[in-house]
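Structure record follows, encoded as structure tokens.
The values are calculated or read from the model by the stated rules, or taken from the named source; none is laboratory data. If you're wondering where the values come from, they're calculated on a predicted model, not measured in any experiment. Note: ideal-geometry Cβ built from the backbone for every residue, glycine included; neighbour counts use all protein chains shown. Heavy atoms of the whole protein, side chains included, go into the accessibility calculation; ligands, DNA and RNA do not. Shrake-Rupley method; radii C 1.70, N 1.55, O 1.52, S 1.80 Å.
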Amino acid sequence: MGDIQYDFAMVGLGVMGCNLLLNMADKGYAAIGYDKNPDKTSAFEASGTPGTVIKGVNSLETMVGLLKKPRKIMMLVPAGSPVDSVIEDLIPLLDKDDIVIDGGNSHYTDTLRRIGSLKDKGFHFMGIGISGGEEGARRGPSIMPGGDEGAYKQVEPILKAVSAKVGDDPCVAYLGKEAAGHYVKMVHNGIEYSIMQLISECYDLLHTAMDYSNEDLHRLFASWDQGPMKSFLLEITAAIFARKDDKPTSNYLVDMILDRAGAKGTGQWTSQEGLDLPMPIPNIDTAVMMRNLSSLLEQRLLASEIYSGPTPKISLPRAEVESLLFDAFYLATVLSYAQGLALLTRASAERKMEIPMWDVVSVWRGGCIIRSALLENFREAYKNPALANLLLDPPIASMVKPLEKGLAQIVQLAARHGIPAPGLMSALNYYHAYRRKTLPTNLIQAQRDFFGAHTYQRIDQPGIFHTQW
Ligand code: 6PG
């Protein structure tokens, strides 16, 4: 095996790196992986499919020496300084035109900086978003590449081979200039946060206010997963409600999990971008806020002793609430995508990324965490590349209009019975505000001019005005 020149290298053989590299080997590529931990390289070599060409090494120099030129090297290491230190170690070993790819969840501004500094040294650097977790990496993830298009063309056949497929379509496409790959992945995660928050609110309402058992919840989410919103997140939610604890109890596992949500930062980054651009994405903001609020465990305990709240028991028939909740979740889910995609559209122009929106929604149809049957509808809508917001697409409008009543009734029920439903409520407010020809912000302008001479515009004539109030 000494003379083999490998097609592709992976730096970092954690769960994602190891599985993606094994996936490449399964597709016929000679794959070499580096990890400083010998246990990881041995585990990688032991998990290869018989007949595939793989090798694990503990020296970057050896890895680089065994690669075909121009070298194609992906890093899957934790975002932040680990990425910079791998780049620093690689640079002296590389030749001009070698391609270095960051496949992790890096902040797009870090990617921009790295593109610049590696270009100056004659290397190609690409930020690529990869979604689908462990199973996705092994069997077919959704891949979101951006940046250097020439470099993309060179890795395109490998990425297409390993990606998820929808029919014959590979879930990978060139998604724009600069740091577009990581930007698109960041927004993907923001939408992921929002939909997860909405599902948790549906769970809370049914479980806390209507005494749904885990079996009932399993049945309901599994049935939703058969309909127009068929999705990965509904599928795993249904599975979660069927799962018993292995040990030490025989309870349902979900009941044994502490209600404090973790976060690695991509949702928060999306929210920050929403503020910076600006583009309103209240559902993503709300999802981030609720994860943060969930971690105030001790304060919540104290507050629960001070504030009793209204009775959480809803006495309406189950079938009626399920039908309303289905519509509410449906509309709020569409609005979560609408907000995230509107942010991407704005960012594409503002940050000069030229993101092809039709390709984004096409790539999200398979392999990723937010894959859903709804993406087919959004794909139709983005045949119009100038679409500013999904809600402005006539077929989407026909889809969402009948759902408004359900969302409004669920929000009322939740408010009346003291069940927090901030995601559903944000969605309804966004919908009501976005579809309004006039908003009360004329008053805000008047107030600003009153106390700060900030000026205002008029509805009947052009120009800037100030009044001595
Ligand atoms: C994916 C996921 C993946 C990761 C999230 C989790 O698309 O495969 O989004 O990237 O699971 O980053 O994020 P939090 O830890 O912030 O929930």
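For the chain, what's the relative contact order in percent, using C-alpha pairs closer than 8 Å and at least 6 residues apart?
Numbers: 804 pairs, mean separation 61.8, N = 469.
Averaging sequence separation for qualifying contacts and normalising by length gives 13 percent for the chain.
Quick one: which residues, 5+ away or cross-chain, put their amide H under 5 Å from the amide H of residue 178? H built at 1.01 Å from N.
When sequence neighbours closer than 5 places are left aside, the close amide H contacts are 147.
Please list, ordered by chain and number, the residues whose modelled amide H lies under 5 Å from the amide H of residue 54; skip anything fewer than 5 residues away on the same chain.
31
How big is the chain by Rg and Dmax over its Cα atoms, in Å?
My reading of the Cα-based Rg and Dmax gives 24.7, 85 Å.
Say R0 is 60 Å: what FRET efficiency, to the nearest 0.05, do residue 398 and residue 306 get from their beta-carbon distance?
For R0 = 60 Å, the calculated efficiency reads 0.80.
Using +1 on the beta carbon of Lys and Arg, -1 on that of Asp and Glu, and nothing else charged, what's the dipole of the chain about the Cα centre, debye to 20?
My answer is approximately 680 debye.
Whole-Hz Karplus ³J(HN,Hα) for the stretch 428-435, in order, using 6.51 cos²θ - 1.76 cosθ + 1.60 and θ = phi - 60°, x for Gly and Pro?
Rounded to whole hertz, the list is 5, 5, 4, 4, 4, 6, 5, 8.
Taking H as built 1.01 Å from N, whose amide H comes closer than 5 Å to the amide H of residue 101, not counting residues under 5 places away?
Under 5 Å from the amide H of residue 101 lie the amide H atoms of 73, 74, 75, 126, each far enough along the sequence or on another chain.
Using Cα-only point scatterers and the Debye equation, what is log10 of I(q)/I(0) for the stretch 69-170 at each q in 0.13, 0.17 Å⁻¹, rounded to two decimals?
Once normalised to I(0) and log-transformed, intensities are -0.45, -0.76.
So with the 1.4 Å probe, I'd like the accessible area per residue for the stretch 403-469, rounded to whole Å². Before the final figure, lay out the partial values.
Details: 4530 Å² over 67 residues.
On a per-residue basis, 68 Å².
Determine the share of the chain's accessible area contributed by carbon and sulfur atoms, expressed in whole percent, with a 1.4 angstrom probe.
55 percent
Highest first, please rank the peptides 437-450, 272-285 by the mean number of other Cβ atoms sitting within 10 Å of their residues.
Listed from highest to lowest mean packing, they are 272-285, 437-450.
Could you tell me what percent of the DSSP beta bridges with both partners in the chain are antiparallel, to the nearest 5?
The antiparallel proportion sits near 35 percent.
Could you list the trypsin sites (Lys or Arg not before Pro) in the stretch 337-418 that lie in coil according to DSSP, counting only those with at most 14 other Cβ atoms within 10 Å of their Cβ?
When the trypsin sites (Lys or Arg not before Pro) of the stretch 337-418 are filtered for loop state and at most 14 Cβ neighbours within 10 Å, 352, 383 remain.
Under the Kirkwood approximation applied to all pairs of distinct alpha-carbon atoms, what is the hydrodynamic radius of the stretch 366-410 in Å?
11.9 Å
Within the stretch 228-325, which trypsin sites (Lys or Arg not before Pro) sit in a loop by DSSP and count at most 15 neighbouring Cβ atoms inside 10 Å? Can you show the working numbers first?
Values: sites: 230, 243, 244, 260, 264, 291, 300, 313, 318; in loops: 230, 243, 260, 264, 313.
Passing sites in the stretch 228-325 are 230, 243, 260, 264, 313.
Between residue 455 and residue 245, what is 0.36 nm times their sequence separation minus the Cα-Cα distance? Round to one decimal in nm.
69.4 nm
Calculate one ³J(HN,Hα) per residue across the stretch 251-266 by plugging θ = phi - 60° into the Karplus curve 6.51 cos²θ - 1.76 cosθ + 1.60, and present them in order as whole Hz with x for glycine and proline.
Karplus-based 3J(HN,Hα) across the stretch 251-266 equals 6, 5, 4, 4, 6, 9, 8, 5, 8, 10, 8, x, 6, 9, x, 5 Hz.
Taking the stretch 153-185, which trypsin sites (Lys or Arg not before Pro) meet the DSSP loop condition and have no more than 15 other C-beta atoms within 10 Å?
When the trypsin sites (Lys or Arg not before Pro) of the stretch 153-185 are filtered for loop state and at most 15 Cβ neighbours within 10 Å, nothing remains.
Tell me, what is the percent relative contact order of the stretch 185-434, built from C-alpha pairs under 8 Å that lie six or more residues apart?
29 percent
Rounded to whole Å and sorted largest first, list the principal axis extents of the Cα atoms in the stretch 185-434.
Ordered largest first, the stretch 185-434 gives principal extents of 51, 38, 36 Å.
Would you mind computing, in nm to one decimal, how far apart the modelled labels at residue 298 and residue 39 are, each placed 7 Å from Cα along Cα→Cβ?
3.3 nm
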